Amino acid sequence: MMTNAIPTGLAGAVLSIDLGALQSNYRALSRKAGKAVCGAAVKGNAYGLGVNPIAKALWDAGCRHFFVARPVEGEDLRALLPEAVIYVLDGLFPGQAEFYAGNGLCPALISLDEVREWAAFGRRYGRALPCAIHVDTGINRLGLTIEEFDELLSDDFLRSGIDITLLMSHLACADDPHHPLNKTQAKRFSALRKKLPGIPASLANSSGIFLGKCYTHDLCRPGIALYGGNPTPGRKNPMKAVAKLEGTVLQVREVKKGDTVGYSATWKAPRDSRIAILGAGYKDGVPRHLSSRQKDGPAQVFVAGKRCPVVGRISMDMMAVDVTALPVSKTVRGTRAEIIGPHLLIDEVAGWAGTISYELLTRLGSRYARLYSGTANLGKS
């Protein structure tokens, strides 16, 4: 087991990351992708879970293609994995071609200006440099327009100045398999592929892998599903939980019926109650929106084999939980309560907070003791 610099005994909360579960998710997605190669999105510090141990575990599981957002993320990853193929999804930052080339990074070029800059640098460098071409097929975010893509292909001088190793686009509604835009984008992307025969293609993200072989093509780039998020909303999550966040009980208070708990006195005890105060708050990435929910019932934590409601306001460093239903011996100073984990899946907690699992993971704070486990079973699913 690996850990970060904060000892568990000095942390208000503990974040445990199961690298074996991560590898199992990667292998499951690889099987689902069929003939396509499965890469991995490790942007945002591997969705908040720590890029170094995450990327190394994915490499050991067989992943060779990695996707980051920013060039400095690529630089860090290159130092860890010198042989990996690394694509930078945010494109080529102005005037930074030498940085990309020096770190062996493949920009996903998103405009003709970027193509021209990459080609010009490559000619000074002495060869056409590898890159992806990102074409927008309907999300209207990053990417060349289809007309710009055609212009690129018709410009022999410009086209010869770059080494296109991947044609890619990004799905807007993959998490909704019935949305008509999925088929529209798939049709547009298939037409693009015909214009650039022989070049590997990538369209599917986590949810896109589950849309079928018309979306998986040559290379898939899952993200949230690797880390335990559900790529099939509305259905049972096929992925294993990777992250478990536990808050430590700092104190248990006896609260009389009618007394209030926390800032602004938003929760009033309906009976004599026992309230556990956990050492995790919004500074640690626990959403303040988990505070005293009324609609559809309160947010919960899992402690001593039972779900217990969150009460009062989430504050910067603390949160309160009603543990009246538990035996006194099960909730004492030092007891850990699961906030996110196998009993409280990331998507459920995100739903309580009115957000998505992506945001919940990437906002996890730096004050946790981080424990990494599971590396002893690299050869097992």
Q: Please tell me if P238 is surrounded by 24 or more Cβ atoms within 10 Å (Cβ to Cβ) and either not in a loop (DSSP other than H, G, I, E, B) or not β-branched (V, I, T) (or both).
A: no
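Check A57, A61 and return the single one that is within 22 Å of C106 (Cβ to Cβ) and in the same structural domain as P222 (by TED's automatic domain parsing). Before you say what the answer is, go through the steps one by one.
Details: A57 fails: within 22 Å of C106 (Cβ to Cβ).
Only one candidate qualifies: A61.
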(Q) So in the range 9-41, with the set limited to residues that are touching a strand residue (DSSP E or B) at 6+ places or on another chain (Cβ under 7 Å) and among the polar types (S, T, N, Q), which one is farthest from N230 (Cα to Cα)? (A) S16
Q) How many residues are closer than 22 Å to I356 by Cα and not small (G, A, S) when one looks only at the range 270-307? A) 17
(Q) Take G20 and tell me if it is outside the structural domain of H134 (by TED's automatic domain parsing), at pLDDT below 95 and either among the charged types (D, E, K, R) or assigned to a helix (DSSP H, G or I) (or both). (A) no
Q: Please work out if S315 is at pLDDT below 95, among the polar types (S, T, N, Q) and in the same structural domain as S273 (by TED's automatic domain parsing).
A: no
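Please report, ordered by residue number, the helices (runs of 4 or more DSSP H) entirely within the range 55-139 with at least 1 residues that are buried (at least 21 other Cβ atoms within 10 Å of the Cβ) and of a type in the set (S, T, Y). Even if it seems obvious, please write down each step before you answer.
Numbers: elements: 71-80, 97-102, 112-125.
Helices (runs of 4 or more DSSP H) meeting the threshold: 97-102.
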Q) Restricting the search to the range 282-297, which residues are in contact (Cβ under 8 Å) with a residue 40 or more places away in the chain and either under 22 Å from S366 (Cα atoms) or not charged (D, E, K, R) (or both)? A) K283, D284, G285, V286, P287, H289, L290
Q.
Can you tell me which of (1) part of a helix (DSSP H, G or I); (2) surrounded by fewer than 23 Cβ atoms within 10 Å (Cβ to Cβ) is the one A225 doesn't meet?
A. (2)
Q.
Among (1) modelled with pLDDT of 95 or more; (2) within 22 Å of G229 (Cβ to Cβ); (3) touching a strand residue (DSSP E or B) at 6+ places or on another chain (Cβ under 6 Å), there is one condition Y368 misses while meeting the rest; what is its number?
A. (1)
**Q.** Matching residues in the range 161-185 - criterion: being in contact with a helix residue (DSSP H, G or I) (Cβ under 8 Å, 6 or more places away or on another chain) and among the hydroxyl-bearing types (S, T, Y)
**A.** S169
Q. For the subset of the range 153-191 comprising residues that are more than 30 Å from N230 (Cα to Cα) and charged (D, E, K, R), which member is surrounded by the fewest Cβ atoms within 10 Å (Cβ to Cβ)?
A. D156
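Regarding the range 371-381, can at least one residue be identified that is basic (K, R), assigned by TED's automatic domain parsing to the domain that holds A299 and farther than 18 Å from N230 by Cβ? Step through it out loud before you land on a result.
We begin by selecting, within the range 371-381, every residue basic (K, R); these are 380.
When the remaining residues are screened for being assigned by TED's automatic domain parsing to the domain that holds A299, the result is none.
Taking every residue of the range 371-381 in turn, none turns out to be basic (K, R), assigned by TED's automatic domain parsing to the domain that holds A299 and farther than 18 Å from N230 by Cβ.
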Q.
So, in the range 79-95, exactly how many residues are within 24 Å of H170 (Cα to Cα) and either out of contact with any strand residue (DSSP E or B) (no Cβ under 6 Å at 6 or more places or on another chain) or charged (D, E, K, R) (or both)?
A. 3
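Examine the range 249-271 for a residue that is among the aliphatic types (A, V, I, L, M), assigned to a loop (DSSP other than H, G, I, E, B) and not assigned by TED's automatic domain parsing to the domain that holds L371, and state whether such a residue exists.
Residues of the range 249-271 among the aliphatic types (A, V, I, L, M): 249-250, 252, 255, 261, 265, 269.
From what's left, assigned to a loop (DSSP other than H, G, I, E, B): 269.
With the extra rule that they be not assigned by TED's automatic domain parsing to the domain that holds L371, the set shrinks to none.
No.
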**Q.** Residue among L77, L15, L19, L105 that alone is in contact with a Leu (Cβ under 8 Å, 6 or more places away or on another chain) and not basic (K, R)
**A.** L15
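The values are calculated or read from the model by the stated rules, or taken from the named source; none is laboratory data. Here the structure is a predicted model, which is why all the values come from computation and not from measurement. Neighbour counts run over all protein chains shown; Cβ positions are idealised from the backbone, glycine included.
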